[in-house]
Amino acid sequence: MQLTSLRLLLTALLLQVTIWAAPATKAENNPTEDDKVAQELLIKASIAENERLIRAKRAQTIDQFRAELEEINLLLAKDNVWEKSYNSHVAYAQVRGDLVLLQAKIKKLEKKRKKSDEDIELLEDLKSKEKILSEQFTLLDDTQQGTSVFTALLQPEEIEEIPVLTNPIDIFTAVSFVKHLEEIYADYLKRGVELKEVTSLLKKKKELLGNLKAIHENGGYKSEYDETSHRLDKFRNAYEILEITANIYDKRIDEIEVKVNKRVQIQVYKLSKIGLIILFLFGLAFFMKTMSKKYITDNDRFYMANKIINFGNFILIVIILLFSYIENVSYLVTVLGFASAGIAIAMKDWFMSMLGWLVIVLGGSIHVGDRIRVDMDGMKYVGDVMDISLLRMTILEDITLTTYQENRRAGRIIFVPNNYVFTRMIASYSHDSLKTVWDGIDITISFDSNHKKAMHLAREIARKYSKGYTDITRKQLNKLRHKYSLKNTNVEPRVFSFIEPNGLNVSVWYLTNAYATLTLRSTISTDIIDAFNAEDDITIAYPTQQLNLTMNKKKELTPPDETEVVS
């Protein structure tokens, strides 16, 4: 455009000179020689001025073109992956061509039979250059993929295999996969935008170089114009390929998204059905618990029924999930069959605890609420069973005679593995509705005490406070006769006497509440002490010692003579 305006300006100036010359010709039909000379000088001056203006305008236009060209070169020199790839390819081709020529020269010199010293020196120099060029070629070859200039940039990222959805967790994998595809496509489109910008800049550069080449009469800018034109063709072809590839890639991604969404819908529908079934099972379990609470008045039986309902509900849910999300159950059975030996060894304690749970639940030896004593690792724990789970029993330790005499701690939560029913001693204080136990108090009296009266007093005091528990136990034992063989069913308080080194030991035994032994023990103990102390012929014996001290008489000290001078 600038070149065209310059040519129009030159034509206008020539027309102006012609117009100026025309009136002079008409005015003077017979001009003199001086007039002709003056007229020619005037025309030459006008032409020279016009040429000066044309040169100035052309110089101004060239400077403007160069400034625009420099600005475009700066934009192209910015961090642009397409320009870098093209420059790398050009350098790769140049190094490859130089290496081929260099190898040809080396081969020609090596074939030469008689080599002069200059030839040998030249051959060594060429081989050194070949080594350097080979290293450069290897480095550049790692960045080139194929013979095309933009092979790596035009090829989009490979789409991974579509994920197979077999469970609800895979839905998150599918969503992540689709998001990853969209990011890949967006990145590829971003490459296209950058390529379009570079192509537009190269087009402007080519126009500028064409104008500069037309202005310069000596053929300047021709090589740069040809190189830019060649580069522009490469970039245009790359952009056309990128548009086609992007279109195909977009359709491929749409197809994959449709398939993935369909698989997600299948999993969501399957999960909805399973959710409804599980919800129905929870509703059924809640209904059964409500009916159990309404018709089962015994707390122990209600607790056991509640446990069975929960366990059965859990097993049903596991079976439903197992058959829903494991396509080949026989394969699972086969794997478990091969791994059963290792699993049995590794999870021996777990299996034993589960078996112990079955023994406890089905055998009915221990129930929730029972008071038991467990001997574990040299320690004894007495407490109430709060829960019997699949793997362990949970016991709340209470203040008992055991804690008073041995542990000196109470209130702890003790976890007892169910497999202890096979290897440890577990004693029940309240088995099968029997809520009382025998407790005994020992008190020693002197040998000269009325031991018969002491035994009578102890028996009466014990009978007084344990009468209620005695009647309850009698009824409970009569019920147990139908289930167990009972030899001795005497429930009255019992008193025994034993000779001890310090006196006669009176041992009184009575029935008391299994959950509150210390309370009655404390009451009976204080009453027996008071009763024995009230009798003159009963003396409580305890270990005593008599200490005899023999002291030597001290010698009398005589005061010093008063007349003696103390110095």
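Only one entry of 222, 196, 293, 205 meets the criterion of being in contact with a helix residue (DSSP H, G or I) (Cβ under 8 Å, 6 or more places away or on another chain) and surrounded by 16 or more Cβ atoms within 10 Å (Cβ to Cβ), and that entry is 205. Exactly one residue out of 234, 270 is more than 33 Å from the chain's Cα centre (by Cα) and either of a type in the set (A, V, I, L, M) or surrounded by 15 or more Cβ atoms within 10 Å (Cβ to Cβ) (or both): that is 234.
State yes or no: is residue 422 surrounded by fewer than 18 Cβ atoms within 10 Å (Cβ to Cβ), in contact (Cβ under 8 Å) with a residue 60 or more places away in the chain and not in a loop (DSSP other than H, G, I, E, B)?
Criteria met by residue 422.
Applying a threshold of 9 Å to beta carbon distances and a minimum spacing of six or more residues, or different chains, the list of pairs starting in region 396-407 at a residue that is in contact (Cβ under 8 Å) with a residue 24 or more places away in the chain and ending at one that is surrounded by 13 or more Cβ atoms within 10 Å (Cβ to Cβ) and among the basic types (Lys, Arg) reads 398/371; 400/371; 400/373; 401/521; 402/373; 402/380; 406/380; 407/380.
How many of the residues making up region 376-390 are touching a residue at least 40 places away in the same chain (Cβ under 8 Å), closer than 29 Å to residue 306 by Cα and surrounded by fewer than 16 Cβ atoms within 10 Å (Cβ to Cβ)?
Residues in region 376-390 being touching a residue at least 40 places away in the same chain (Cβ under 8 Å), closer than 29 Å to residue 306 by Cα and surrounded by fewer than 16 Cβ atoms within 10 Å (Cβ to Cβ): 1 in total.
Would it be correct to say that residue 259 is more than 30 Å from residue 384 (Cβ to Cβ), modelled with pLDDT of 85 or more, out of contact with any Ser or Thr (no Cβ under 9 Å at 6 or more places or on another chain) and loosely packed, with under 14 Cβ neighbours inside 10 Å?
In short, yes.
When residue 93 is tested against the conditions (1) of a type in the set (A, V, I, L, M, F, W, C); (2) at pLDDT 75 or above; (3) out of contact with any Lys or Arg (no Cβ under 9 Å at 6 or more places or on another chain), the lone failure is (2). Can you tell me which residue in region 262-318 is modelled with the lowest pLDDT, limited to those that are over 26 Å from residue 165 (Cβ atoms) and of a type in the set (D, E, K, R)? So the residue we want is 300. Here residue 461 meets the list (1) under 60 Å from the mean Cα position of the chain (by Cα); (2) of a type in the set (Val, Ile, Thr); (3) in a helix (DSSP H, G or I) almost entirely, failing just condition (1). Restricting attention to region 496-516, report how many residues are within 20 Å of residue 475 (Cα to Cα) and either touching a helix residue (DSSP H, G or I) at 6+ places or on another chain (Cβ under 7 Å) or among the β-branched types (Val, Ile, Thr) (or both). Looking only at that region, the number is 4. Scanning region 20-48 for residues that are modelled with pLDDT of 50 or more and not in a helix (DSSP H, G or I) yields 29, 30, 31, 32.
With the condition kept exactly as written, say whether any residue in region 390-407 is under 60 Å from the mean Cα position of the chain (by Cα) and over 18 Å from residue 372 (Cα atoms). Don't jump to the end; show me each part of the working.
Taking region 390-407 as the starting set, the residues that turn out to be under 60 Å from the mean Cα position of the chain (by Cα) are 390-407.
Adding the requirement that they be over 18 Å from residue 372 (Cα atoms) leaves 390.
Scanning region 390-407, I find at least one residue that is under 60 Å from the mean Cα position of the chain (by Cα) and over 18 Å from residue 372 (Cα atoms), so the answer is yes.
Every test in (1) in a loop (DSSP other than H, G, I, E, B); (2) in the same structural domain as residue 383 (by TED's automatic domain parsing) is passed by residue 415 save one, and that test is (1).
Suppose we filter 283, 312 for residues that are surrounded by 12 or more Cβ atoms within 10 Å (Cβ to Cβ) and among the small types (Gly, Ala, Ser); which single one remains?
312
May I ask you to list the residues in region 139-179 that are polar (S, T, N, Q) and modelled with pLDDT of 70 or more? Scanning region 139-179 gives 151, 155, 166, 167, 173, 176.
Entry remark, region 256-279: residues being of a type outside the set (S, T, N, Q) and in contact (Cβ under 8 Å) with a residue 24 or more places away in the chain number 13 in total.
The values are calculated or read from the model by the stated rules, or taken from the named source; none is laboratory data. What you see is a predicted model, and the numbers here were worked out from it, not measured in a lab. With ideal geometry, Cβ positions are generated from the backbone for all residues, glycine too; neighbour counts draw on all protein chains shown.
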